[in-house]
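Below is one structure, written out as structure tokens; the observations come after it.
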Amino acid sequence: MGFGPNLNRRQFLAQAGLLTAGALLPTRFALAQMQKIRIGLMLPYTGTYAQLGVAITNGFKLAVAERGGKLAGREIEYFTVDDESEPAKAPENTNKLVQRDRVDVLVGTVHSGVQMGMVKIAKEAGTLMIIPNAGLDAATGALCAPNIFRTSFSNWQPSYPMGKVLADRGVKNVVTLAWKYGAGEEATAGFSEGFIKAGGKSVRGLWVPFPNVEFQALLTEIASIKPDAVFVFFAGGGAAKFIKDYAAAGLRKQIPLFGSGFLTDGVLDAVDDAAQGIETTLHYGDGLDTKRDRDFRSAYSKAYKSDPDVYAVQGYDAALLLAVGVNAAKGDITKKKEMIAAMEKAKIDSPRGTWTMSKAHNPIQDIYLRKVVGRENKVIGVAHKALADPARGCKM
Ligand code: PHB
């Protein structure tokens, strides 16, 4: 057990003012209790996913603030790294938190490619990690591990149900378009799987490199292919640009546009009317009309003067999950086994609705069908109840 950065036991006691003559020395446990829990936030704070990183951070800190700024009586210290959604920098950035800052818990990230680097290091170091967004299927699939948890979704998860929604409407031929990296590939694969299984006929995939937003040539191609529908994966700033370009190209009325809900979450203020009527599937939405969600939304708006979105909820739930673990260990976060056992059994009372952990540590959750009405992603139904990711390749 450590005594904080670069302090031995004696120095720590001196700093804490506890080394006075005749004072009873606290036990190691009491000492550990006085130290702050070190939380490493590795998220994008610049680039196309910047606003996602901010919303996750806000949500996480709101849940901690609601617990008086403490978990199981222990104060929290945050260490923050901007990962820039840059996979090449992932090992170095993760090690800043794991080795330099010696965090107790890693919370991150948004981008699946960066997540891959984080997962490898967390697995090796054994650091507890909570993923508050990135859908990288392998994180709770082939690379699943006891110390890796996710409070968001797998890339497969919110896209798969849209396949059946469209097939049931008689849609036969779809063009998918996505950023060419893990999340885009896995999201469109999930959609295609659901679509073909439910009777869809063909899916043709078009790609754009991440984080490019030059969509013109692809929109021209879509117009000439004339599919029954288009399904896309974009998020953040790139999603806002795509929605505007799709409308400006005159495609909105010709070919209906669908996506996983990242397309329209957190971007509606930026696109004016261009998103009206777009339907998406996601594990959160506006107008759930539960007390839990109303309370969360009013607390979030009060704290941050903006409305929460799915990313804020995922960050909030990451802190709820950590609280379950820390409480079970009565604040002694060296008791990793106890923490993990409690987190595996957690029933998270989330603004999105109550969810539980799958065996592979990914939420089992309802996937909502939503429609953009005004400035809301209005929930209009449940596309798939209590959906669990198939966790392909997970041996745990
Ligand atoms: C991902 O890279 O896994 C990712 C990024 C942004 C989203 C969803 C998934 O909104």
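Structure notes:
- Burial ranking of peptide ranges 310-316, 172-178, 377-383, 252-258 (average Cβ count within 10 Å, highest at the top): 310-316, 172-178, 377-383, 252-258
- Dipole moment magnitude, nearest 20 debye, the chain about Cα centre, only Lys, Arg, Asp, Glu C-beta charged: 1040 debye
- Spatial separation of Cα centroids for the stretch 208-235 and the stretch 164-198, in angstrom: 14 Å
- Modelled label positions at ASN173 and SER301, each set 7 Å beyond Cα in the direction of Cβ, lie 4.6 nm from each other.
- The phi-based Karplus calculation (6.51 cos²θ - 1.76 cosθ + 1.60; θ = phi - 60°) puts the 3J(HN,Hα) values of the stretch 382-388 at 10, 6, 7, 7, 6, 7, 9 Hz, whole numbers, x for Gly and Pro.
- Violating pairs (Cα-Cα greater than 31 angstrom) within the set LYS180/LYS244; LYS120/LYS359; LYS197/LYS359; LYS36/LYS180; LYS345/LYS371: LYS36/LYS180; LYS345/LYS371
- Shape call, the stretch 301-396: gyration tensor on alpha carbons, a/c limit 1.5: oblate
- Percent RCO, i.e. relative contact order, over the chain, from Cα pairs under 8 Å lying at least 6 residues apart: 18 percent
- Hull-based mean projected area of the chain, where the convex hull spans the alpha carbons, in square nanometres: 19.1 nm²
- Counting only DSSP H runs of at least 4 residues, each contributing -39500 (n - 2.57), and dividing by the residue count of the chain, the helix-based mean residue ellipticity at 222 nm comes to -11500 deg cm²/dmol.
- The stretch 156-282: C-alpha gyration tensor shape, a/c 1.5 cut-off, then a/b vs b/c: rounded
- With respect to the chain, whose longest principal axis is taken over its alpha-carbon atoms, helix 112-125 is tilted by about 30°.
- Per residue, the chain exposes 40 Å² of solvent-accessible protein surface, assessed with a 1.4 angstrom probe and all protein chains in place.
- Ranked by the mean number of other Cβ atoms within 10 Å per residue, highest first, peptides 320-327, 106-113, 222-229 order as 106-113, 320-327, 222-229.
- Estimated at the nearest 10 Å², the accessible area of ARG204 is 120 Å² with a 1.4 Å probe.
- Using a probe radius of 1.4 angstrom, the carbon and sulfur fraction of the accessible surface of the chain is 53%.
The values are calculated or read from the model by the stated rules, or taken from the named source; none is laboratory data. Every value quoted in this text rests on a predicted model; they were computed, and no experiment measured them. Positions of Cβ are backbone-derived with ideal geometry, glycine not excepted, and every protein chain shown enters the neighbour counts. Just the protein is used for accessible areas: all its heavy atoms, side chains included, with ligands, DNA and RNA removed. Shrake-Rupley method; radii C 1.70, N 1.55, O 1.52, S 1.80 Å.
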